[in-house]
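Asker: Got a structure for you, questions after.
Derivation of every value follows stated rules applied to the coordinates shown; laboratory data play no part. Keep in mind the model is a prediction, meaning the values are calculated, not measured. FYI the Cβ positions are ideal-geometry reconstructions off the backbone, even for glycines, and counts take in every protein chain you see.
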Amino acid sequence: MLASHLSLYFLHNETTNRASAESLARQFQLLYPGSTYDLLDVVEKDGVAPYNSLVPFYQHLSAHPAQWKLVYSVSNTRAYEYFFDAHLKVMCERAFRRRIKGYDPDVVISVHPLMCNVPILSCKKIGNETGKHLPMFTVVTDLGSAHAMWFANGVEKMFVGSDQIMELAKKRGKVPDEKLIKIGLPIRHDFAEQSERLGDRMSPEGKAYQRGIQKELGLPLTEGDFKTILVMGGGEVRLYR
Amino acid sequence: MTLSPLENNSETVVVSSMNDTDASNFIKAETDSLPEPTSKRGLKVLFLSSDTGGGHRYVV
């Protein structure tokens, strides 16, 4: 019988939406040097109840999967989508517009399903008020399935990560082909940097680089009896004690 | 960038199969509707985001 020893290392990470925004921001800074960015949770700042307390509410739901499933299923319907958009438009559009305008952005990018439809309207109105077109884009950060509220089709372009999401955008949001771009999910620029430093992973230099990283992270060297398995969890995956 | 063989059967192949130059050119081509920067210092980008969604909030 083989003896085995398992060491688990967990990474504390921020949420997908935020990480996506940070990754995209880095690309803007590389492609358009000198670019600056802000992150805005306009629903939390200027939304009405219950949407303005979404973060703690979401954390509660994440810990109670049955409740989460119920809320997701109910909200992921055309009827609720219509109600939500109308409700938010009447109650919050003006405040959203004022808030967004306060940042004086050149471009607005939504990476959250609840901040698509009404902000599109706000951006259009800001454009009318200022005489300067304010383009808005959506980057859908879900890969296999996605909530219907992502697919507000008034954006300039909608970036999606997979064929499944592209189909969903066409079906649920009636997003026209010319607005849809399948390009994958935003990932940190650090991956590209590490990949460049690694080079050919099977070359002596590549292997030496891997050993250096393993040492730096306190991982057992893969050339010994230990193997390192990288387990990645996203979406609604939770890690429990 | 050249990533590992892990890219072979993953949906992330879309991202990982592009090198940095390809990806940059693609993004530039697809974002023609971006306005000219308001200053020579680049664009002011506003992300609408929230700390909901996935991500690990617990460390063991």
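Asker: Could you tell me which of A:Ser20, A:Asn153, A:Ile213 has its Cα farthest along the dipole of chain A towards the positive end, charges placed at Cβ (Lys, Arg +1; Asp, Glu -1), taken about the Cα centre?
Answerer: Projecting each Cα onto the dipole axis, the largest value belongs to A:Asn153.
Asker: How shielded is A:101-114 by partner chains, expressed as the average number of their Cβ atoms within 10 Å of its Cβ atoms?
Answerer: Details: counts 0, 1, 3, 3, 7, 11, 10, 5, 5, 4, 5, 7, 3, 3.
Across A:101-114, the average partner-chain Cβ count within 10 Å equals 5.
Asker: Here is a further query. What are the residues whose amide H is under 5 Å from the amide H of A:Leu180, where those residues sit 5 or more places off or on another chain and H is modelled from the backbone?
Answerer: Distant-sequence amide H within range of A:Leu180: A:Met158.
Asker: Would you mind working out the magnitude of the charge dipole of the stretch A:16-182 relative to its Cα centre, with +1 at each Lys and Arg C-beta and -1 at each Asp and Glu C-beta, to the nearest 20 Debye?
Answerer: Taking the Cα centre of the stretch A:16-182 as origin, the dipole is about 300 debye.
Asker: Right, next: Which of A:Cys123, A:Ser162, A:Leu30 sits farthest toward the positive end of the charge dipole of chain A, with +1 on the Cβ of Lys and Arg and -1 on the Cβ of Asp and Glu?
Answerer: Value computed over the given set: A:Cys123.
Asker: For A:Lys170, list the lysines whose Cα falls under 18 Å from its own Cα; do not include residues on the same chain fewer than 8 positions away.
Answerer: Counting by Cα, and skipping residues close in sequence, A:Lys170 has these lysines nearby: A:Lys157, A:Lys179, A:Lys182.
Asker: Using the 10 angstrom Cβ neighbour count as an exposure proxy, how do B:Lys44, A:Lys132 rank, fewest first?
Answerer: So the ranking, lowest neighbour count to highest, is A:Lys132, B:Lys44.
Asker: Amide H of A:Thr36: which non-local residues (sequence gap of 5 or more, or other chain) have their own amide H closer than 5 Å, using H built in the peptide plane?
Answerer: The answer is B:Leu43, B:Lys44, B:Val45.
Asker: Hey, what did chain A get for relative contact order, percent, Cα under 8 Å, at least 6 apart?
Answerer: On the way: 258 pairs, mean separation 37.8, N = 241.
It rounds to 16 percent for chain A.
Asker: Cα centroid distance between the stretch A:169-218 and the stretch A:44-111, in Å?
Answerer: 30
Asker: If you don't mind, there's one more thing I want to ask. Among A:Ile183, A:Ile229, A:Ile109, which one shows the highest mean-square fluctuation when chain A is modelled as a Gaussian network with alpha-carbon springs under 10 Å?
Answerer: Comparing A:Ile183, A:Ile229, A:Ile109 in a Gaussian network model of chain A, the most mobile one is A:Ile229.
Asker: Check each of the GluC sites (Glu not before Pro) in the stretch A:167-223 and keep only those in coil by DSSP with at most 11 other C-beta atoms within 10 angstrom; list them in order.
Answerer: Loop-located and lightly packed - A:Glu223.
Asker: How much length, in nm to one decimal, is gained on full extension between A:Asp177 and A:Thr130, taken as 0.36 nm per residue of separation minus their Cα-Cα distance?
Answerer: 14.0 nm
Asker: Hey, another quick one. Just how large is the dipole of the stretch A:88-204 about the Cα centre, in debye to the nearest 20, putting +1 at every Lys and Arg Cβ and -1 at every Asp and Glu Cβ?
Answerer: 680
Asker: Something else about it: Just want the ordering: A:Ser162, A:Ser122, from fewest to most Cβ atoms lying within 10 Å of their own Cβ.
Answerer: A:Ser162, A:Ser122
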